Each structure stands twice: as C-alpha cells, then as structure tokens.
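Just so it is clear, none of the values below were taken in a lab; they were calculated from the coordinates. Bear in mind that the values here come from a model prediction, so they are computed numbers and not experimental data. A quick note on method: Cβ atoms are made from the backbone with ideal geometry, for glycine too, and the neighbour counts reach across all protein chains shown.
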Amino acid sequence: MSSPGQLADGSGGPPDAAALHAEFERVWGNPRGWRALTIVNHSVVALRFMVTGLVFFVLAGLLSMLMRVQLARPGQQVIDAETYNQAFTAHGTMMMFLFAVPVLQGAAAYLLPKMLGARDLVFPRLSAFGYWCYLFGGLIFCAGLALGLAPNAGWFMYTPLSSDVHSPGPNSDFWLIGITFVEIATMAAGIEIAVSILRTRADGMALHRMPIFAWAMLVTSMMIVFGFPPLILASILLELERAAGWAFFDPTRGGDPLLWQHLFWLFGHPEVYIIFLPAAGMVSTLVSVHAQRPLVGYSWVVVSLISTGFLSFGLWVHHMFTVGIPALAQGFFAAASMAVAIPTAVQVFAWIATLATGRPRWNPPMLWLAGFLATFVLGGLTGVMLAFVPFDWQVHDTHFVVAHLHYVLIGGMLFPLFAALYHWLPLASGRMASPRLARLGFWLSFVGFQGTFLVMHWTGLLGMPRRVWTYDSGMGWDWPNLVSSVFGFVMAFGVAATLLDLALHWRFGRKAEPNPWHADTLEWAVGQPPTSYNFASLPPIDSRHPLWEQPQLQSAIAAGDFELPRAAHGRRETLGSDPVSGRPREVIHLPGNSVLPLLAALLLSAMCIALLARFYWPALAAACATTVVLLRWSWENCAHPKAAAGEAFDLPKGLALHSRTFDGPGLWGMGLTMAANAALYASFVFGWCFLWLVAPAWTPPAKAPLDVWTLPAATGAFIAGWALLRQLSGRLQHGVDQGLGLRLLAAAACGAAGCAVLGKALAGATLAPTRSAHDAMLAFLLVYLLLHGALAVLLALLQAARVRHGHVGLQAPYEPGVVAILWLFVVGVTAVAWVAFGLLPTALAGQG
Amino acid sequence: MLLLSGCSGPLSTLDPAGPSAAAIAQVLWWMLGVAVVVSVGVIALWLWAMRPDAQRRGHERRWLVGGGLLLPGVAIAALLFFGASAGRHQWPWPGETPALVIDVNARQWHWRVRYPEHDLVLQDELRLPVGRAVHVRTSSDDVIHSFWVPRLGGKLDAIPGRTLMLSLQADRPGRYLGQCAEFCGIGHARMPLVVIAMAPDDFDAWLAAARRAP
C-alpha cells in the first residue's frame, strides 16, 4: 500500500531528512544566472534589499563627508552653494528613504517568516516587485545626482521654494517622482509584513507568544500603512502643481504653503518612529538573548510599542512651532511630544532590568547596543528639550536640531542595525565575524560619532543655522565645525571598518556553531545558512522561547515530524493561522518564481523617466502597459493552473487550500491596501477643509461647479454594484453558484454608470485648476473617484472572465470577497465626497 | 568664566540681551543640567547592569515603574509647569501696547524693514528703542524665510500669503545680528539682518533724522 507522500522507488515510509531536503529544494530552490531575476523567495529578496540599502548608505555618507569638508573652515569654497544644497538634500533623502526604512524592512522580511515558523512571506511576487521598484527608483534618484540635477530644496521640500516658480528645472521632480516610486516598495513591504505576521504564524503562537520583534514590525507596518499616504498625496499634488500648474500650495491662487508642511509632517513624524521601532524590537531581542533570560516586562514593552505607534501620529506640529500656530495648539503638541518619551523610557528600563537580572556578555552585538544606549538616550533628552516650545523657537532650524536628529537616527537605528547584523550574520552566512575588526570598527565609529555631533549642539546654540554652505569667521563657529569635520572622518573610518568586517566575514569568517548565541526563537532552527524553505515541517509551539524549551527542535523539524512535511505535490505552501490565537485555519499556497514583478517594475520605471522628461504620451503608454502586466499577474492567482489548480489530497486534516475558502492573504492585503488608500483620501479631505478654513486667498466660486445630484447618483450606482457583489459572495457561501457571471457583469454595469456620471461631471464642470486651488481640489477629486470606479469595474469584469474560465466558482469562492472590499472602498470615498465636497461647501456658503 | 566667554557670539542664544532670550536661556540651563544627570545616570545603570555576575533576580517591576514611568513623568511635568512662562515675552499679547510696529518683509535674499507709522524703509537693518517691546510683523513675497535675532528672542517664520507677529525687546543698547533661519535658496547663508538697539532719546533723534532724509 502506498501512502500519498511515498517516494517513486516504492520504498516504504516517509523520506529521511536528506531526501526530504532534496524534495523541498526541487520546489523551493533558487535558480542561478539570468533566472535569478525571477526569484521571489523572501530570504533572497530581503538580502537584496539590505545590500542595496547599505550601498545607498555609503553613497549618502560620502555626500556628508563632502559637506563636512566644506564646513571645516569658514569662508571655504571647496564646493559652491548649489552643489552643497544638492548634497544636503540628497544626503537626507537617501538616508531616510533609500537606506533606513528599506534596510529595516529587508531585515524584517528576512527574519520574520523564520521567527514565526513560516516558509515565506504571504505575497512573494509583491516582495520581488517591491525590491525592483526600490532599486530602480533609487537609481533614478541617483541619476539626478550624477547629472548635477539632484533636488536642492531640502529633504522636506518646503513649498513655495520647491514649486516650479522657485525651483525650475527637473531637480525637485527627481525627488517627487523618484521617491514616490520607491515608496511603492515601502508600502508593499509594510502591507505584506503586517499580513504575514497576522496570518502565517506557527501553530500555537498566539499574539502573546509572538517574538517581540514581530510585535515591533506589526506596529511599524501599520504605521507605514497610515503614515506614508499623506506624503504620497502631497507629492502627487506638488508634482501636479509643478508640471501642470494646478494650484495647491500657492497662496496667491487660494492654496497654502502650510498645507505642504502639514501633509509632510503628518508623514514625517511617524516616519522617524517607523525607523526607530524596528530597531527597538531588535534591541529587545538581542538584550534577551545576550543576557540569556526572557525580556523583562514583555507586556509592558508591547504596550509601549503600540502606544508609541499611536502617539506618533499626534505630534507632527512640533516641526512647525515657528509658523504662527495658536499658543494652545502649540502647548498640546509640546505636551504630547514629551509624553512619547514615556513608552520609550519603559523600554529602556525593561532592557536595563533584563541585563541586570541576566548574565550578559560583552560580545560585538552588546558593544554596539551599549553605544546605542549612550547615544539614543542623549538624543531622546534633546528631543524633550526641543519639545519645549520657547526653546524650540531659538534652536529650530539650527545645528542643534541637526545634532539631535543624528543622535536619535544614528544612535537609535544605525547602532542597533550593526548590533543586529553581528547577531544574525551567523544565521545568514554560517560564519562569525572577526572580534578584533568588530571592536575597532565600533570604537572608531562611536568616538567619531560623538566627536562629530556632541559639539554640534553647541554650534547650534551659538546660532549656526541649518543648510548654510558656508559661514563667516567671528561667530564662534570656527573651532566647533573643525572638530565636527575631523571627527566625521574618524567616524567614516569606523563605519568603513565595520562594513569591511561584515563583508569579509562572508568569505573568511570562521564557521559558526549552530545557534552560537544560544537564542530562543525559531529563526535559529532553519540552518546556517538557512534553506530556501526554512522549515521542512512546521512545528507547533507553546511558549515564547521554543528553542530554550526544546533545544533539539531543529533536527525534529528537518526529519519531517511536524505539519506540512512533504513537497512532492510541487506546491509552495505554509500554514495560514488565526490572527489572535495562532491556530491553523487553512494552508496558504504561494506562487513560485516569476518574471512579472521585474517586468512591471521596468515598465513603471519607463513611466517615471517619461514623467521626468515631461513626455506625457509615452508615460501614459507605459502606465497602460504596466496595468496590463499587473492584471496578468493578478490573473495567475489562486485557482489558476500556475498557482494551485485542481484538488489537493495531501493536506492536514480539516484544512483546505486558502483559495478554496473564503479567507486568505489577499483579503487582508486588499483590506490593508484600502486602509492606506483611505489614509491618502483622508489627508485629501483634510487638505480641502484646511484650505477652506485657513488658506489666505481662498475664493470659492459663486456657483458650485458640480451639480447637486452628481455625487449622490454616483454613490448610489456604486452601492448597487457593491450590493450585488456581497450578494453573490453570500450565495457562494450557501453553495449556490447560478448567475455568478451575470451578477458580476451587472455589478460592472452599475460601476460603469457611476463612472459615467463622474466623467460627465468632470467634462461638463467649468473647472480651472490652474487658476484656483478650489478648482484644483475638485478636479483632483473627480479624477481620483473616476480612476477608482474604473478599477472596480475592471476587476468585476475580470472576475466574470475568471468565472468563465473556471478559476472562480463554488470550488474556488475566495476572490469575489476580495474585490468586494475595493467596491466598498469606492462606495465610501464617493459618499464622503458627497458630504465633504458637495454638502459641506453649501452649508459653509449658506452661513457666510 | 571661560564657559561664559565661550557662550558669547553675535548669533548666540546663550548671550541674551533681551527678556525673551534671557527667559529661554534660563530654562535651557536647567534642562541641560537635568539632561546631563539623567544621561549619565542611565548610562551608568546600563554599564552596571552589564557586569557578568551570577544571576540576580527580583525587583523587575520597580525598574519599569520607577525608570519607565516616574522618572520621565515627573521630569516632563516639572518642565511644563516651571518652564511654561518662558514663552510669554514672544507673544504679542492683545493688551500690550508696543512702542512701535515694524513690518519686516523678507524676500530672496534681503530684509525690507518698514516703519508704517513713520513712513520709513530700511534695507537689512532694524532699529528699536531699548527697554520697550516692539511688535514685528513678518511677511514674504516669495518663499518661506524666518526672522531671527537670537540674542533677543526666538524666531518667527515669514510665510507668503500671511502676516505673523512677534514681540521683540532689547534690554541694552548695542548692535545685534539676525539671520534668516529657514532655507530659502541659494542665498540663504548670506541673509543677515543688523539690529541696532538705542537708548530711547537716541532712538527718537535717529527716527526724526531718518524720516527727514530723502
């Protein structure tokens, strides 16, 4: 009698560990050569993110060395003002967008599936697509630098300086287009990591048993979902203003430069916590392992992470204390900005308590963590000082702030990153780094950093502003700048030594013993270096410290003792879990290698380059081509033969493939994507209300350009379509599939009617977006609603086609529910538009 | 005293010559002191915790409550309570009657200083009488700039489309320096403003003479 997983040679019983490994490698193995461009596996993609990020880090660091040389003596002209302005803008932009967030997301993408007991992230092709968007966007940005056309208006691009009037030329466009392109990667990774953490955990890994780093990344990813869209919106609006003359931020046409600041900092403040929280998660992990005891106050730390995430969205105005905001508002934001120090302090003392009650050792990761603590605490304290409004009025926009931000970013992110690299490299490469070179690198970096930036507080207190390419003697700034510049080189040598050590160890490091730090979490059970599939079988866990409880877990996993122990069926799969309890709910099947992510990213790059060059028809063509590729990608999904067609016989009892159920990663991914979209839309509605109430020269027209029935009619049409989709999902749940295709077509027709109403309004309304911000906002709204309505119609039509092909039906009922989420979003935004853009202005005009 | 001489400088916030800058500088010294104590203390705690002794258990909750909640909570409350009044000199309170109203219009890369009540315009120079608050109204015709005279008080942005106001006062006659404090393009680094505070009689005399001059 043969069992389903029996080998072809007919030998009885399940295969041994070596044969099992070969079986898994056939399904999960990574190709070489040109085909390596199609890899979607999280370990490879994550390492690509990190290496690319470190390259951008070095480039941005070289820019800062150039700046320090220029500032070493007063009145120098090593570089001219324009070059300096491009240097500091590119330095900040690259460090924030091309290094900090991508490298941390890369680390998370690498570690999380392993820590959670999963084989891959939930959207492998999306990870790959994110990487290519990041790489190409970064290259486009650096091309601007290489051409001497780098953005030069500061990394926060304040208007009106960054508008077309005061920054003609493509410099600012490189920022707006290049960085927004990169943000696709950030958003994609954020959504994917959140869904992966919630839905692919080991059996028994309830939320309270999750590794603390998973908590940190869950909070961070949700912050990304809500925090980046305001910037994406602002970038789109500013690019429209620059390229098409639409008035959003121009105070002479009803716009407001402060709108840019609000939108930017609504992103900008959460951004710095998006950078810090992953590092804090790493510190919590490392402290626990290197003190060889569980983290003190796990629940306290979780609550701190969550409250930091929430609080960080309520602080943004502390970047705007000098723009004339009313005193009461300033006081509120000051208090909130200081209050956010409390959850951070809780974490610091949790770490100290863990060390104090454990058995810590001074190895390279702990050296870097000591450096982190010393530096970050100082940075946090100067942050509390800056939150004190009158003091901020003095040192805002001086080198005091430059010192503060480098203390918290380098201390709070770079040092923990180096600690984490030293900690986890034995996992990734199977080798140990050199303790001597590591110590040298640390001390040079640490001493160099302190020498550069400690005195810079003083420079700022003596009045040296930010972003000045040179200065006169006699201000008292001469010697502090010289000290900063000299020590800057010391730090550069330290960083170089560290990077050299990390790079060299890959070839020359001595082989690491298994789990060299005696860690407790699952990532140390996947092999050093890890296999492409992480776990040959997925173990259940019942504590926060699986490897401390069961040190022999790795060999049991490799022997196939646990769930999903075979790959002979040819599917890439992992367990789908309940988000709270961690109990398995379904088997999630994952796509293998594909060229579509690379193709889509290349076409998007073509679109971005065309936009930069202001060739709009080619840009439109590229956008259409990208859409086609993306739709093809979505076609090869779920029950499509390239995904996982047909019946699966070798599943654990009670579990089905996710596409045969009503829940799966796509549902959550669509939900989170719409949440991000909602954040963008909410920022837009905020902008509308802000301009209406506060913009200096706001002039609404005497007669509203929109008919009173347009928005309610469109809302009604979309509601009808959505209701049809909900109904057919309900029928599928009851086993009824008649009229499936017909209902989908009817829904599409309703959506088309809604789009027609909006299109007619857009064509018919006499809007002059280049003349008034009011009209620009309305025009943008109509285009936004139209695009989303059209997308909803398109997806409904595609569902109808998939029904025809048999990819959607009773046997695969999953997708209509996913599409219904998009429809619900369209209903929501149209209804809100009716209230905010239709009814509200009438009410306000009635009062005026 | 070496420290004090190191604090001086034409744009130094630590060498106040007016009530606003003085009040802020005082809070700064307190904040700096507390920051030094806290940072030295926390670093020392970390280093102590890193000693490789045998396992020491217990009192974990005290660390979290004492260090995580009480320490920052008390410090922040104290800062807000005792420091809040330091900003009062900068606000142009409604009841306050200023000696003068001065319009400072910023443009790339100069300051146009107008005395509306006296029909007088200066370029890159501002004069005021000692000992009385003046109200400065900032505006801009092009991009965002920032009006800042560190030895007298905090800064206020000059934003196109808006007129913002701050209160400025010098306590001693002298020549003070201001500098644009918001990046405004290629000339940002060289956009100084000379502020001259004069004894009230000298100021009146200067004002009368300046108005008569063409």
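So how far, in whole Å, is the C-alpha centre of the stretch B:14-81 from the one of the stretch A:379-446?
For the stretch B:14-81 versus the stretch A:379-446, the Cα centre distance is 19 Å.
For the stretch A:134-289, what log10 I(q)/I(0) values come out of the Debye formula at q = 0.15, 0.17 1/Å, with one point per alpha carbon and no solvent?
Each listed q corresponds, in turn, to -0.84, -0.98.
What FRET efficiency do you get for B:Arg190 and B:Ser8 if R0 is 22 Å and r is their Cβ-Cβ distance, rounded to the nearest 0.05? Walk me through the intermediate numbers first.
Working: r = 22 Å, r/R0 = 1.01.
The computed FRET efficiency comes out at 0.50.
Of the options A:Phe57, A:Thr93, A:Pro74, report the single residue whose Cα projects farthest towards the positive end of the charge dipole of the stretch A:10-99 (beta-carbon charges: Lys, Arg +1; Asp, Glu -1).
Going by the charge dipole, the pick is A:Pro74.
In nanometres, what is the gap between the two model label sites at A:Val486 and A:Ala244, each 7 Å from Cα along Cα-to-Cβ?
Result: 5.6 nm between the two label points.
Among B:Trp93, A:Trp351, rank each residue by its count of other Cβ atoms within 10 Å, from fewest to most, as a rough exposure measure.
Fewest-to-most ranking of B:Trp93, A:Trp351: B:Trp93, A:Trp351.
Say each of A:Ser581 and B:Asp204 gets a label point 7 Å from the Cα, pointing the same way as Cα to Cβ; how far apart are those two points in nm?
Taking the simple label geometry, A:Ser581 and B:Asp204 are separated by 8.7 nm.
Counting only residues 5 or more places away or on other chains, whose amide H sits under 5 Å from the amide H of B:Ala158 once H atoms are built in the peptide plane?
B:His145, B:Ser146, B:Phe147
Which residues' amide hydrogens lie under 5 Å from the amide hydrogen of A:Trp246, considering only partners 5 or more residues apart or on another chain, with H built in the peptide plane?
Amide H neighbours of A:Trp246: A:Glu241.
Excluding same-chain residues fewer than 8 positions from A:Lys114, which lysines have a Cα within less than 23 Å of its Cα?
Cα-Cα hits under 23 Å: A:Lys511.
Could you grab the relative contact order for the stretch A:397-498? Cα pairs under 8 Å, six or more apart, rounded to a whole percent.
Values: 108 pairs, mean separation 45.5, N = 102.
Relative contact order for the stretch A:397-498 comes out at 45 percent.
Can you work out ³J(HN,Hα) from phi for every residue in the stretch A:204-217, in order, using Karplus 6.51 cos²θ - 1.76 cosθ + 1.60 and θ = phi - 60°, giving whole Hz and x for Gly and Pro?
So the J values, rounded to whole Hz, are x, 7, 5, 3, 7, 10, 5, x, 4, 5, 5, 4, 4, 6.
With a ≥ b ≥ c taken as the square roots of the eigenvalues of the C-alpha gyration tensor of the stretch A:150-207, please select rounded if a/c is under 1.5 and otherwise prolate if a/b is larger than b/c or oblate if it is not?
Values: a/c = 6.20, a/b = 4.10, b/c = 1.51.
It is prolate, given that a/c is not under 1.5 and a/b is the larger ratio.
Going Cα to Cα from A:Lys653, which aspartates and glutamates come in below 13 Å? Please leave out same-chain ones fewer than 8 positions away.
Partners within reach: A:Glu563, A:Glu586.
For B:Leu120, enumerate residues with amide H under 5 Å from its amide H, sequence gap 5+ or separate chain, H modeled in the peptide plane.
B:Tyr115
Starting from the Cα gyration tensor of the protein assembly as shown, take the square roots of the eigenvalues, sort them a ≥ b ≥ c, and report rounded, prolate or oblate (rounded when a/c is under 1.5, otherwise prolate if a/b is larger than b/c, else oblate).
Values: a/c = 2.14, a/b = 1.34, b/c = 1.59.
Oblate is the answer for the protein assembly as shown, as a/c is 1.5 or above yet b/c matches or exceeds a/b.
Based on other C-beta atoms within 10 Å, arrange A:Glu549, A:Glu271 from fewest to most.
Numbers: A:Glu549 12, A:Glu271 23.
Result, fewest neighbours first: A:Glu549, A:Glu271.
Among the helices of chain B (complete DSSP H runs), which have Cα atoms covering no less than 30 Å along the helix axis and a Kyte-Doolittle mean of at least -0.5? Present the calculation step by step, with values, prior to reporting the outcome.
Details: long enough: B:19-49 (45 Å, 1.84).
Result, helices passing both filters: B:19-49.
Once the piece of chain linking A:Ala329 and A:Leu139 is laid out straight, how much longer is it, given 0.36 nm per residue of separation minus the C-alpha distance between them?
Working: separation 190, 0.36 × 190 = 68.40 nm, distance 4.11 nm.
Computed gain between A:Ala329 and A:Leu139 is 64.3 nm.
Quick one: work out the % antiparallel among DSSP beta bridges in chain A, nearest 5. Walk me through the numbers on the way to the answer.
Numbers: 10 of 11 bridges.
Of the beta bridges lying entirely in chain A, close to 90 percent run antiparallel.
Could you work out the relative contact order of the stretch A:552-614? I mean the mean sequence separation of Cα pairs under 8 Å and 6+ apart, divided by the number of residues, in percent. It would help to have the intermediate numbers written out before the result.
Numbers: 34 pairs, mean separation 12.1, N = 63.
Worked out over the stretch A:552-614, it gives 19 percent.
Based only on other Cβ atoms within 10 Å, what is the fewest-to-most ordering of B:Phe81, A:Phe321?
Details: B:Phe81 9, A:Phe321 26.
Sorted ascending by nearby Cβ count, the order is B:Phe81, A:Phe321.
Just for the stretch B:45-142, what percent of DSSP beta bridges are antiparallel, to the closest 5?
Values: 9 of 15 bridges.
Percent antiparallel among DSSP bridges in the stretch B:45-142 is about 60.
Karplus couplings for the stretch A:136-141 from phi (6.51 cos²θ - 1.76 cosθ + 1.60, θ = phi - 60°), rounded to Hz, Gly and Pro as x?
Whole-Hz 3J(HN,Hα) from phi for the stretch A:136-141: 5, x, x, 5, 4, 4.
Work out the charge dipole of chain B with +1 on the Cβ of Lys and Arg and -1 on the Cβ of Asp and Glu about the Cα centre, then indicate which of B:Cys7, B:Ile159, B:Pro52 is farthest towards its positive end.
The residue sitting most towards the positive pole is B:Pro52.
Any chance you could check the Cα centroid distance between the stretch B:175-194 and the stretch A:297-350 for me, in angstrom?
Centre-to-centre distance over Cα atoms comes out at 32 Å.
Need the C-alpha centroid separation for the stretch A:229-254 versus the stretch B:105-136, integer Å.
Measuring centre to centre over Cα atoms gives 33 Å.
To the nearest 500 deg cm²/dmol, what mean residue ellipticity at 222 nm is calculated for chain A from DSSP H runs of n ≥ 4 alone, each contributing -39,500 (n - 2.57), summed and divided by the residues?
Values: 29 runs with 538 residues, N = 848.
Calculated from helices alone, the mean residue ellipticity at 222 nm is -21500 deg cm²/dmol.
Using θ = phi - 60° and the Karplus form 6.51 cos²θ - 1.76 cosθ + 1.60, what ³J(HN,Hα) does each residue of the stretch B:94-101 get, whole Hz, x for Gly and Pro?
Once rounded to whole Hz, the list reads x, x, 7, 9, x, 5, 8, 10.
For chain B, take the alpha-carbon Rg, divide it by the Kirkwood Rh, and send me Rg/Rh.
Values: Rg = 23.0 Å, Rh = 20.0 Å.
Rounded to two decimals, Rg/Rh equals 1.15.
Give, to the nearest whole percent, the P(r) tail of the stretch A:637-789 beyond 20 angstrom, counting all Cα pairs. Before the final figure, lay out each step's value.
Numbers: 7639 of 11628 pairs.
So the pairs more than 20 Å apart make up 66 percent of the total in the stretch A:637-789.
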